[in-house]
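So the structure is just underneath, and the comments pick up after that.
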Amino acid sequence: MDTNHMLRQFILVILVPIFLLRVHAYLRYSRRDRNDFSDYESYLNWIFNGVYGVWTIHHIYKYMRLSRACRDLRCLSLINYELTLIFGAFPAVNVLFVVIVMLILGPKILWQRWTSFR
């Protein structure tokens, strides 16, 4: 497992798009009222938490499948990778919570829609 590749992927898939969206928001909303930016900012936070959470869940699974010898290596890139996974735990829990709520409420909402159309 190449942790440098994983961290580059993290930067290119998560941090760079969010940074570009924030620059776009700054250029678009810099002369407007601060309240106009709050909706866009909450949208960006939802995107960041969702993408970072899914990335973290995927890479925690990959990390758990590593052999013990690989996990015991203490190189700087592996430590950075582990810290990235630790910091991503909160967004991962958020993603899991939303998925569980949608799995519970999704069928109920579909049933209500189905019965209302009948």
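Where residues in the range 59-92 are basic (Lys, Arg) and either loosely packed, with under 11 Cβ neighbours inside 10 Å or in contact (Cβ under 8 Å) with a residue 12 or more places away in the chain (or both), which of them is nearest to residue 46 (Cα to Cα)?
Initially, the range 59-92 is screened for residues basic (Lys, Arg), giving 62, 65, 68, 71, 74.
Checking the rest, the ones that are also either loosely packed, with under 11 Cβ neighbours inside 10 Å or in contact (Cβ under 8 Å) with a residue 12 or more places away in the chain (or both) come to 62, 65, 68, 74.
Numbers: 62: 24, 65: 29, 68: 35, 74: 33 Å.
Going through the qualifying residues, I end up with 62.
Filtering the range 50-64 down to residues that are within 8 Å of the chain's Cα centre (by Cα) and either aromatic (Phe, Trp, Tyr) or not in a helix (DSSP H, G or I) (or both), which residue is nearest to residue 5 (Cα to Cα)?
Quick first cut of the range 50-64, residues within 8 Å of the chain's Cα centre (by Cα) only: 50-56.
When the remaining residues are screened for being either aromatic (Phe, Trp, Tyr) or not in a helix (DSSP H, G or I) (or both), the result is 52, 55.
Numbers: 52: 16, 55: 14 Å.
Checked the range 50-64; the qualifying residue nearest to residue 5 (Cα to Cα) is 55.
In the set 95, 99, which member is surrounded by 13 or more Cβ atoms within 10 Å (Cβ to Cβ) and in contact (Cβ under 8 Å) with a residue 24 or more places away in the chain? Full working, then the answer.
On the way: 99 fails: in contact (Cβ under 8 Å) with a residue 24 or more places away in the chain.
Being surrounded by 13 or more Cβ atoms within 10 Å (Cβ to Cβ) and in contact (Cβ under 8 Å) with a residue 24 or more places away in the chain holds for just one of 95, 99, which is 95.
Looking at 48, 10, which one is under 27 Å from residue 85 (Cβ atoms) and in contact (Cβ under 8 Å) with a residue 60 or more places away in the chain? Let's see the steps before the verdict.
On the way: 48 fails: in contact (Cβ under 8 Å) with a residue 60 or more places away in the chain.
From the options 48, 10, the qualifying one is 10.
Is it fair to say residue 19 is part of a helix (DSSP H, G or I), surrounded by 11 or more Cβ atoms within 10 Å (Cβ to Cβ) and modelled with pLDDT of 85 or more? Quick ask: steps written out before the conclusion?
Values: part of a helix (DSSP H, G or I): yes; surrounded by 11 or more Cβ atoms within 10 Å (Cβ to Cβ): yes; modelled with pLDDT of 85 or more: yes.
Yes: the conditions hold for residue 19.
The values are calculated or read from the model by the stated rules, or taken from the named source; none is laboratory data. Fair warning: this is a prediction, and the values are worked out from it, not measured in the lab. Heads up, the Cβs are rebuilt from the backbone with ideal geometry, glycines too, and the neighbour counts pull from every protein chain shown.
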